[in-house]
Each structure stands twice: as C-alpha cells, then as structure tokens.
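Trainee: First the structure, then my questions, so here it is.
The values are calculated or read from the model by the stated rules, or taken from the named source; none is laboratory data. Owing to the predicted nature of the structure, the values given are computational and were not obtained by experimental measurement. Reconstructed Cβ throughout: ideal geometry from the backbone, glycine too, with neighbour counts over all protein chains shown.
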Amino acid sequence: MVNKRLLIKNLLSHNDENSFYDKKQRLTLNTKEGKAKFIKHVCALSNSNPDNNSYILIGIRDEDNKIMGVDFFDDSKIQNLVNAYLVHPPKIQYENIPFPGLPRYKVIGLVTIYPNEKVSHLSKSAWKYPKKTIFYRRGSNSVPVNENFEVKNTNSNVVNAIEKNASNNIQLTLDGVFDFLNRHKEEYKPQYKVFKEQFVLCWAGKKTIINNREFYSRVDIELINEQVQLFYSALDEVQIKINEHSFIIVEYISLGLEKKEARYPLEKTIIHFKNNGKLEIIKKFLFQPPIFDENIIKHIYESSNAIISNIENNIPLSVTEHEDVSRLPNNYLICYLNGYLDAKEQLEKAKSYIRSLEDKTTYIKYKDVVRVLRKVKYH
C-alpha cells in the first residue's frame, strides 16, 4: 500500500511539474475559469499517462515547492464534474492528506488520475476552450493537440518506481498510530481498529447523546496506511457504525426556522475494506429537503436580502440584524431548497462580511452551507 504523504514528497522531489504530475496552490472550482483549467489538466494528464497513475497536488506554492496547505475539500462530486466535461473521462480521486507542520484544518489535496487507454477530449466548451479540444502534457504545460493524437506510454516506469518508494512499512504504520493517539485529547477518545489484518484506521470525536441517539462532532478519521484523512468540524453531527468490513459515517444537517431545528441525514460515507488488499470509499447522498410554508419563506428571503443590501451599502446593522446575520447561511439554504434559486448568489455577497466577524462560527456555517449547496446542485 502506498503512503500518500511519502508519495507527495517523492513527487515534489522532481521539483518542476512534468508530464505525470502538476501542482497548484489552490483549487478554484466555483468559477468558469478555474473549473475549465482543472478539467484541462485532468484531460492532459490522462492522455499523457495511459498506463500509469498521474497526479495533481493542491496546496503547494509553485515557485519554491513550499507546502502551504489548503482547507479540507469534499471530493464526493468531483468525478461528476469530470464526467460532465470530458468524453472518455478518466476515473479520478481527491484525497485530503495531513502533513506535519500544517495547522489542524489544513491538508494537501492529492488528485489521483487513474490510467485510461482512450483519448479524452472536451464534450462541450469550457471557458475559452472549445468543444472537442484534446489536451496533452508537454513538459509542465497542458497544451491542445490535433485530432490525430494517439496515446503513448512514456511514464509508467518512473511513476511505478515513485509509488514503490512510497510503500508503507511497520515503522511508518506504528508511528502514524502513536502520532494520532498522542495529538488528540482524552475527551475525544482516540482509538484505532485493524480491518482485514492489514488496514489500520484511527478515529476520534466528541460524543453527545441527543434524544437517546449517539452523535459525534469534531471527528478526525485517518487511514494510517495511506495517510488519508477525513474530518468533520465541531458544528457537524455524525453517527458512526463499525462492522467487520466497513467504517460507516452518516452526516446530518440541522435545518429549521428560528430555533426550531430538526436533523436531516445528508450523506453516508462508507470506507469498505476488501480481502484483496484494497479499499474503497463510497459516498451516498441521502438528503431530502424539508418544505416550509411559502409565505414564511418569502418573508425570510426578503428580510435576509434587506440585511445583504445594508451590508453592501455600508449601512450599520441594528442589534436584531446583527443577530440575524448568524442565521443568514441557514436561512438562505432553506430559501434555496424551497425554490429561491438565487439565494446562493445572495449569500455569497455576505461572504467577506461574515469572514471578518470575530466569532468564526457563522463563517464555518457559511462554508458548510456552500458545501451542501454544491452537493444538492450535483443531484
């Protein structure tokens, strides 16, 4: 099994991007340009590596290879994005890899593009790139090529050697387990479990009992063998189930008007361990949005828009409006789910203001709501 942290270090030892890996300081998928550039690089790396994996590292400063880190990224729908823009799309996977020296909430994003023997090309226009464009890696650049392009194996030997040098050993596994146990407080009950006699999974979280049901928040999950991490914040609520073959997390979201909130299942993540030394992470979207009275939703939408208007025009907010700001993410999410589809754009107008608040709870909620909106959009 490949230790992903070692893999990243081995890739960075090549200094400059090349035909089997690329590096970015951040991933911007909320703009047409950022989305198109990501698709371009995936297409080019896939076409340049038909017989081996290729990679994109996120959170690396380009000029000096400094490990900067990025926020946790929810990868569950990134394959859908690739499928939507490419003919013969490769299978890809986004993983959050913890690194020593980075803050707890920062990781390196590792995008793995699996071998694809067919030529990928754009199925529709993306930003300034026209439909049917084929991209290929020429050195560190992703460039368009003509329609007579044929895939060739050029990197399998060097990539296989890099992956082999990143293999796990007993010391790395034990060091990973002890490091996890030592950096989590006792109140979060850090523990580990071995699956199929070869996979080691560590996890920790704060347990609460709500209506006789166990929920966990501030959950860290780490696959020690591969140095892959999953994370749920202090505002998240999840249920955890463990059996002989799987570690299962069901994430809930609290929604409601004013302070009358209920918990709705959002997504199930299944880490499934196989007998052949492989594992897969399966995500199932569970969310069924609640429907509220139309007149009440209209009132909430108009009140929220009034606050946004005051923020945009630098008009001081009243005491009541200040209190309502903390509910803006939740209120706009409910409005969006009840037919006000421009609620997402309205919420984005408040991003800078919410981020500047001394209490970061509202900003964390904002990011959580944006994540939910992205999931809902893909479904």
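Trainee: When both residues are 6+ apart or on different chains and their Cβ atoms are under 9 Å apart, which pairs have a first residue that lies in region 358-373 and is over 16 Å from Arg218 (Cα atoms) and touching a residue at least 12 places away in the same chain (Cβ under 8 Å), and a second that is in a helix (DSSP H, G or I) and small (Gly, Ala, Ser)?
Mentor: The qualifying pairs are Leu373/Ala343.
Trainee: Here's another thing I want to ask about it. With Asn165, Asn169 as the choices, which residue is modelled with pLDDT under 90, under 30 Å from Asn225 (Cα atoms) and surrounded by 12 or more Cβ atoms within 10 Å (Cβ to Cβ)?
Mentor: Checking each option against the conditions leaves just Asn165.
Yes/no per residue for (1) surrounded by 11 or more Cβ atoms within 10 Å (Cβ to Cβ); (2) under 26 Å from Lys377 (Cα atoms); (3) aliphatic (A, V, I, L, M):
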| position | (1), (2), (3) |
| --- | --- |
| Lys283 | yes, yes, no |
| Pro289 | yes, yes, no |
| Ile297 | yes, yes, yes |
| Ile300 | yes, yes, yes |
| Asn305 | yes, yes, no |
| Asn313 | no, no, no |
| Pro316 | no, no, no |
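Trainee: From the list Glu214, Glu280, Glu187, Glu197, which residue is free of Cβ contacts under 8 Å to residues at least 12 places away in the same chain and farther than 27 Å from Arg374 by Cβ?
Mentor: Answer to the selection: Glu197.
Trainee: Only one of (1) within 26 Å of Asp62 (Cβ to Cβ); (2) in the same structural domain as Cys202 (by TED's automatic domain parsing) fails for Ser140. Which number is that?
Mentor: The failed condition is (2).
Trainee: While we're looking at this one, here's another question. Checking Arg137 against (1) surrounded by fewer than 17 Cβ atoms within 10 Å (Cβ to Cβ); (2) touching a His at 6+ places or on another chain (Cβ under 9 Å), only one condition comes out false. Which one?
Mentor: With respect to (1) surrounded by fewer than 17 Cβ atoms within 10 Å (Cβ to Cβ); (2) touching a His at 6+ places or on another chain (Cβ under 9 Å), Arg137 is out only on (1).
Trainee: Turning to a different aspect of this structure: Residue pairs, Cβ under 6 Å, 6 or more apart or interchain, first in region 83-104 and on the phi > 0 side of the Ramachandran plot and outside the structural domain of Val177 (by TED's automatic domain parsing), second modelled with pLDDT under 95 and of a type in the set (Lys, Arg). List them.
Mentor: Note: pairs meeting the criteria are His88/Lys118.
Trainee: Okay, moving on. Can you give me the ranges of the helices (runs of 4 or more DSSP H) entirely in region 277-350 with at least 2 residues that are closer than 30 Å to Glu95 by Cα?
Mentor: The helices (runs of 4 or more DSSP H) meeting that bar are 328-337, 343-349.
Trainee: Could I ask something else about it? Which residue out of Val111, Val200, Val119, Val158 is surrounded by fewer than 16 Cβ atoms within 10 Å (Cβ to Cβ), at pLDDT 90 or above and either within 19 Å of Leu11 (Cα to Cα) or β-branched (Val, Ile, Thr) (or both)?
Mentor: Val158
Trainee: What number of residues within region 39-78 satisfy the criterion of being buried (at least 23 other Cβ atoms within 10 Å of the Cβ), among the hydrophobic types (A, V, I, L, M, F, W, C) and assigned to a helix (DSSP H, G or I)?
Mentor: Matching residues across region 39-78 total 5.
Trainee: Within 13 Å of the chain's Cα centre (by Cα), of a type in the set (A, V, I, L, M) and either more than 13 Å from His41 (Cα to Cα) or modelled with pLDDT under 95 (or both): which single residue out of Ile67, Ile58, Ile97 fits that description?
Mentor: Going through Ile67, Ile58, Ile97 in turn, just one is within 13 Å of the chain's Cα centre (by Cα), of a type in the set (A, V, I, L, M) and either more than 13 Å from His41 (Cα to Cα) or modelled with pLDDT under 95 (or both): Ile97.
Trainee: Here are some conditions: (1) more than 24 Å from the chain's Cα centre (by Cα); (2) closer than 30 Å to Phe199 by Cα; (3) not polar (S, T, N, Q). Lys274 meets all but one. Which one does it not meet?
Mentor: All conditions are met except number (1).
Trainee: So, of the residues in region 318-332 that are modelled with pLDDT of 90 or more and of a type in the set (A, V, I, L, M), which turns out to be surrounded by the most Cβ atoms within 10 Å (Cβ to Cβ)?
Mentor: Going through the qualifying residues, I end up with Leu328.
Trainee: Which one of Lys196, Lys207 is outside the structural domain of Ser19 (by TED's automatic domain parsing) and either at positive phi or among the polar types (S, T, N, Q) (or both)?
Mentor: Within the list Lys196, Lys207, the selection yields Lys196.
Trainee: Any chance you could count how many residues in region 176-197 are surrounded by fewer than 17 Cβ atoms within 10 Å (Cβ to Cβ), out of contact with any Lys or Arg (no Cβ under 8 Å at 6 or more places or on another chain), assigned to a loop (DSSP other than H, G, I, E, B) and not acidic (Asp, Glu)?
Mentor: Here the count works out to 2.
Trainee: Further, regarding this structure: Among the listed residues Ser254, Ser217, which satisfies the condition of being in the same structural domain as Glu197 (by TED's automatic domain parsing), surrounded by fewer than 19 Cβ atoms within 10 Å (Cβ to Cβ), modelled with pLDDT under 90 and part of a strand (DSSP E or B)?
Mentor: One residue alone meets the criteria, Ser254.
Trainee: Now for a different question. What are the residues in region 105-135 that are under 30 Å from His184 (Cβ atoms) and without any contact (Cβ under 8 Å) to a residue 24 or more places away in the chain, if any?
Mentor: Selection gives nothing.
Trainee: May I pose another question? I'm checking my understanding of the structure. Among residues of region 351-377 that are part of a loop (DSSP other than H, G, I, E, B) and of a type in the set (D, E, K, R), which one is surrounded by the fewest Cβ atoms within 10 Å (Cβ to Cβ)?
Mentor: By that ranking, first place goes to Glu358.
Trainee: Could you list, in sequence order, all residues of region 17-38 that are more than 17 Å from Pro90 (Cα to Cα) and part of a helix (DSSP H, G or I)?
Mentor: Matches in region 17-38: Lys32, Glu33, Gly34.
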